[in-house]
Amino acid sequence: MLADVNVRYRALLLNLAHSLHVPGPNADASGSPTLRGHLTDWTFDEMRNLKTLAGVLSSKPLKQSPAPPGPTNAGPPFELPFTLSLADNERDRWREHLAVLDSAAELVTSIDAVEGANTTLTAMAGADAETRAIVNQQLSTQ
């Protein structure tokens, strides 16, 4: 689950950086989110995801055995991604989102295989499917 926290943190940073490159308001005249609005919403969603995952991790033991001296619960690592650079063109930015979504899906599958289905990760995967639809729509129009 530690790796999933890192992927979620990467998603948060990508959403934030990308939202700052998309001009315009967060909603159109009818109140529907624009692309910038989606990116902003996804940024806050990832903040909530990280809070949830941090709670799950802090309830798990740091190591199975033997228990180390001192604090014995795990915690979120929040490791920086291998790069913080954002692609120069819009199509490649959307492709970065797709790569992060793919990484998250692979991790959920591997965690579920070891620990069984996890309601928190299942909910995140459902939201990711909605995000993937918007990302794929952007890639098909670019």
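The values are calculated or read from the model by the stated rules, or taken from the named source; none is laboratory data. Since the structure is predicted, the reported quantities are computational estimates derived from the model, not experimental observations. Cβ: placed from backbone, ideal geometry, glycine included. Neighbour counts: every protein chain shown. Just the protein is used for accessible areas: all its heavy atoms, side chains included, with ligands, DNA and RNA removed. Shrake-Rupley method; radii C 1.70, N 1.55, O 1.52, S 1.80 Å.
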Would you mind stating whether Val100 is over 17 Å from Leu57 (Cβ atoms), in contact with a helix residue (DSSP H, G or I) (Cβ under 7 Å, 6 or more places away or on another chain) and modelled with pLDDT of 85 or more? yes
Name the residue that is nearest to the chain's Cα centre (by Cα), counting only residues in the stretch 13-32 that are surrounded by fewer than 21 Cβ atoms within 10 Å (Cβ to Cβ) and closer than 30 Å to Ile111 by Cβ. Leu13
If you scan the stretch 68-119, which residues turn out to be open to solvent by less than 70 Å² (accessible area, probe 1.4 Å) and aromatic (Phe, Trp, Tyr)? Trp94
Every residue in the stretch 46-59 that is in contact (Cβ under 8 Å) with a residue 60 or more places away in the chain and crowded, with 20+ Cβ neighbours inside 10 Å, please. Asn49, Leu53
Ala87 versus (1) closer than 29 Å to Ala117 by Cα; (2) of a type in the set (Gly, Ala, Ser); (3) not in a helix (DSSP H, G or I): which is the lone unmet condition? (1)
Test Leu39 against the stated conditions and say whether it is in a helix (DSSP H, G or I), over 13 Å from Asp4 (Cα atoms), in contact with a His (Cβ under 9 Å, 6 or more places away or on another chain) and not acidic (Asp, Glu). yes
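Would the stretch 52-67 turn up any residue that is farther than 24 Å from Ala125 by Cα, at pLDDT below 95, assigned to a loop (DSSP other than H, G, I, E, B) and of a type in the set (S, T, N, Q)?
Step one: list which residues in the stretch 52-67 are farther than 24 Å from Ala125 by Cα, which gives 61-67.
Restricting the remaining residues to those that are at pLDDT below 95 gives 61-67.
From what is left, the residues that are assigned to a loop (DSSP other than H, G, I, E, B) are 62-67.
Among the residues that remain, those that are also of a type in the set (S, T, N, Q) are: 64-65.
Yes, the conditions are met somewhere in the stretch 52-67.
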Residues of the stretch 120-142 being open to solvent by 60 Å² or more (accessible area, probe 1.4 Å) and of a type in the set (D, E, K, R), in sequence order, are Glu130, Arg132
